[in-house]
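> This structure is in structure tokens; I'll ask about it shortly.
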Amino acid sequence: ESDAGDYTCVCGDKQSTAALAVHALPVLFKEELKNEEVQEGASVSLRCELTKAAPVQWKIGSKMLKASDKYQMRQPGTTAELVIHDLEVKDA
């Protein structure tokens, strides 16, 4: 999208200008989240891969998760990862 704009070709005192519009492709899941079964007290890593880097939000049900000692969020490139520490039965 940052390549969009007016481009001009100049030759002496003549020029030609064209407008370039770039339509963004939608972000899709290249690799989706997978179901996990983990023992109480352990940690789990949930990850998915997107077709391009984009901001993500993590939720449990309708509750938005925020980074804390329990929830660690990383997003290197196109991979989004949520690590949940010290799992409790209520985290299911």
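> Roll a 1.4 Å probe over the protein heavy atoms and report the accessible area of Val83 in Å², nearest 10.
10
> Applying a 10 Å radius around every beta-carbon, put 75-81, 39-45 in order of their mean neighbour count, most first.
Descending packing order for the listed peptides: 75-81, 39-45.
> Treating the Cα atoms of the chain as identical point scatterers in vacuum, please give the log10 of the normalised Debye intensity I(q)/I(0) at q = 0.18 Å⁻¹, two decimals.
-0.89
> Just to confirm, what accessible area per residue do you get for the range 21-69 at 1.4 Å probe, in whole Å²?
Value for the range 21-69: 87 Å² per residue.
> May I pose another question? Express in nm, to one decimal, how much length is gained between Lys14 and Met73 on full extension, taking 0.36 nm for each residue of separation and deducting their alpha carbon distance.
Additional length available on full extension: 15.8 nm.
> Relative contact order of the chain, please, whole-number percent, based on alpha carbon pairs below 8 angstrom and at least 6 residues apart.
So the answer I get is 24 percent.
> On a C-alpha basis, how far is the centre of the range 14-52 from the centre of the range 59-78 in Å? Whole number, if you could?
Measuring centre to centre over Cα atoms gives 15 Å.
> Convex hull over the alpha-carbon atoms of the range 1-48: what's its volume per residue in Å³?
Dividing the Cα hull volume of the range 1-48 by its residues yields 104 Å³.
> For the chain, with all protein chains present and a 1.4 Å probe, just round the carbon and sulfur fraction of the accessible area to a whole percent.
Carbon plus sulfur share of accessible area: 52 percent.
The values are calculated or read from the model by the stated rules, or taken from the named source; none is laboratory data. On a predicted model such as this, the values are computed, not experimentally measured, just so you know. We place every Cβ from the backbone using ideal geometry, glycine too, and count neighbours over all the protein chains shown. Just the protein is used for accessible areas: all its heavy atoms, side chains included, with ligands, DNA and RNA removed. Shrake-Rupley method; radii C 1.70, N 1.55, O 1.52, S 1.80 Å.
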